[in-house]
Amino acid sequence: MREIPIGLSFDDVLIVPRKSPVKSRKDINLRTRLSKNISLNIPLISANMDTVTESKMAIAMAQNGGLGIIHRFLPIETQVYEVARVKRSESVFIEDPLRIAPEKNLLDAKHIMEENDIHNVLVVGPSNQLVGIITHRDLLFEDNLNQKVESVMTKDVITASKGTNVEQATELLKKNRLKKLPLIDEKGILCGLYTTKDILNLRHSNGAAKDQKGRLLVGAAVGVKKDFLERTQKLLQAGADIIVVDIAHGHSDLAIETVKSIKKEFGNVEVMAGNVATKEATQDLIAAGADVIKVGVGPGSSCITRIVTGSGVPQITAILDSVEGAGDIPIVADGGLKNSGDIAKALAAGASTIMSGNFFMGTAETPGLAILKGGQKFKVYRGSASFGAAARRREREYGEWDQELENVVPEGVETVFPYKGSVRDIIHQLLGGLRSAISYGGATNISDFQQNVELVRMTPAGFRESNFHDI
Ligand code: XMP
């Protein structure tokens, strides 16, 4: 029989320590390439899974320098709304501020504020001329929320003219002790908004991952069937910075054709494509136009693809092989990471970033409410190909479970996980470990680390020795 090559995973290797120039872990720079044309300040991406990434997670990831990919198991309008929420959350200049008509009632204004987590809404007439502003303080002592907005709003709003830049806006906000500064043109038409909060955030958030307009970066996933072109178009209009072609078996004609059509239709768009586990697959997707390749077939914590189909490649080998076929195109190591050491091993194998669901599951920023059981809080985590995920999708599409569900052959599982609190604490721990790992690798940044790093294979005895033992 032909010799069968060995496939290695995270627990089969260690990073060989090297002489380190690092005096403090704070000096280690974690900036890395996401795709051909986009960089991140940290190499962490939250997975495009329906129990992991919607706007709340994506905002937290980007504020910390990473990226969230909004999952695709939503109606187009809802996914677009989630992307817009991220883009709107911290832009220094809001081009398209939220607004309400004067004849709407206070309850409508309250809903807009609550849904968008804001404290003021601008009031505009039929041709978009600014007529007032309504704030949450205006609503606090109002018993009758059926009153019209115009009867309670502040009419004298301090404004600035179209074209005012950030420095001029900062001065005006400071001088007049304002929270909001709407911009209007010569006809009084609303054409943008500066807020004190966003300007202060900009000053304090030099680590956040932002686009050229100062808005947080966000990605969005699309499938390979039905509405993917319409979905992509609307996601891009909403400001998505990268489109992720999300298919379990990314080395397929369907995936290749999808990448090609998105590139052809929209030209200047960054596309992440996957998932794959071989050199050939990576080359095929790059030839189709992909700007970053997502690697991982079956390593995920909620995945049973390898059990159900017997198919996959252990993740360190999958990354090494894909990197070999990728040339200058970056690789995302997706799934199967259990700790910060695994992030370092994925980067050592050549990945530029990692994607995880497991690290971030159970946090406050994941979608859905926590379940309370026996006085303890839990949150759901499920594979995108689990029975639960399929049922939820059909429920969304048809309003109920149906016969088709009997045909589902799950390749993922579903579980509840103890509530972990904010994702920021998790990110802090992961980055601390990663910085230390890069220092063990004798480097001060990811690129130097990758150039000089050496991996060593270990036996089961080495793996046993690696964890705490005999205590
Ligand atoms: P972790 O290990 O972070 O992995 O939980 C997250 C990645 O797992 C993939 N994924 C799946 N793979 N069946 C699979 O075979 C599934 O149901 C499934 N759901 C998610 C996906 O690549 C994700 O980023």
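The values are calculated or read from the model by the stated rules, or taken from the named source; none is laboratory data. Quick caveat, the model's predicted, so the values are computed rather than measured. Heads up, the Cβs are rebuilt from the backbone with ideal geometry, glycines too, and the neighbour counts pull from every protein chain shown.
Close contacts from the range 374-392, counting a first residue that is of a type in the set (S, T, N, Q) and a second that is in a strand (DSSP E or B) and surrounded by fewer than 17 Cβ atoms within 10 Å (Cβ to Cβ), with Cβ to Cβ under 8 Å and a gap of 6+ residues or different chains, come to Gln376/Pro418. The number of residues in the range 1-30 that are in a loop (DSSP other than H, G, I, E, B), within 22 Å of Ile316 (Cα to Cα) and touching a strand residue (DSSP E or B) at 6+ places or on another chain (Cβ under 8 Å) comes to 3. If you check Glu54, Glu90 for being closer than 22 Å to Lys197 by Cβ, touching an Asp or Glu at 6+ places or on another chain (Cβ under 8 Å) and modelled with pLDDT under 90, only one passes: Glu90.
Cβ-Cβ contacts under 8 Å between residues 6 or more apart (or on different chains), taken from a first residue in the range 324-341 that is basic (Lys, Arg) to a second residue that is more than 16 Å from the ligand (Cβ to nearest atom) and outside any loop (DSSP other than H, G, I, E, B), are absent.
Does Lys226 count as in a loop (DSSP other than H, G, I, E, B) and closer than 30 Å to Lys264 by Cβ? Taking the combined requirement at face value, the residue satisfies it. Evaluating Phe378 against the criteria (1) part of a helix (DSSP H, G or I); (2) touching a Pro at 6+ places or on another chain (Cβ under 7 Å) leaves one unmet condition, (1).
Would a scan of the range 354-365 turn up a residue that is in a loop (DSSP other than H, G, I, E, B), near the ligand (Cβ under 10 Å from one of its atoms) and of a type in the set (A, V, I, L, M)?
Step one: filter the range 354-365 for residues in a loop (DSSP other than H, G, I, E, B), giving 357-362, 364-365.
Among the residues that remain, those that are also near the ligand (Cβ under 10 Å from one of its atoms) are: 357-361.
Then keep just the ones that are of a type in the set (A, V, I, L, M); that gives 361.
So far as the range 354-365 goes, yes, one or more of its residues are in a loop (DSSP other than H, G, I, E, B), near the ligand (Cβ under 10 Å from one of its atoms) and of a type in the set (A, V, I, L, M).
Restricting to the range 250-283, name every residue that is crowded, with 17+ Cβ neighbours inside 10 Å, away from the ligand (no atom under 16 Å from the Cβ) and within 15 Å of Ala318 (Cα to Cα). Hit for the range 250-283 is Gln283, nothing else. Residues that are in a helix (DSSP H, G or I) and either within 16 Å of the ligand (Cβ to nearest atom) or touching a residue at least 24 places away in the same chain (Cβ under 8 Å) (or both) are absent from the range 93-104. Selection within the range 33-46: residues that are touching a strand residue (DSSP E or B) at 6+ places or on another chain (Cβ under 6 Å) and among the polar types (S, T, N, Q). The member of this set that is nearest to Arg464 (Cα to Cα) is Ser46.
Filtered by the rule that a residue be part of a loop (DSSP other than H, G, I, E, B), aliphatic (A, V, I, L, M) and under 14 Å from Ala326 (Cβ atoms), the range 274-308 gives Ala277, Ala290.
Going by the conditions given, is Gly207 under 23 Å from Gly66 (Cα atoms), out of contact with any strand residue (DSSP E or B) (no Cβ under 8 Å at 6 or more places or on another chain) and part of a loop (DSSP other than H, G, I, E, B)? Criteria met by Gly207.
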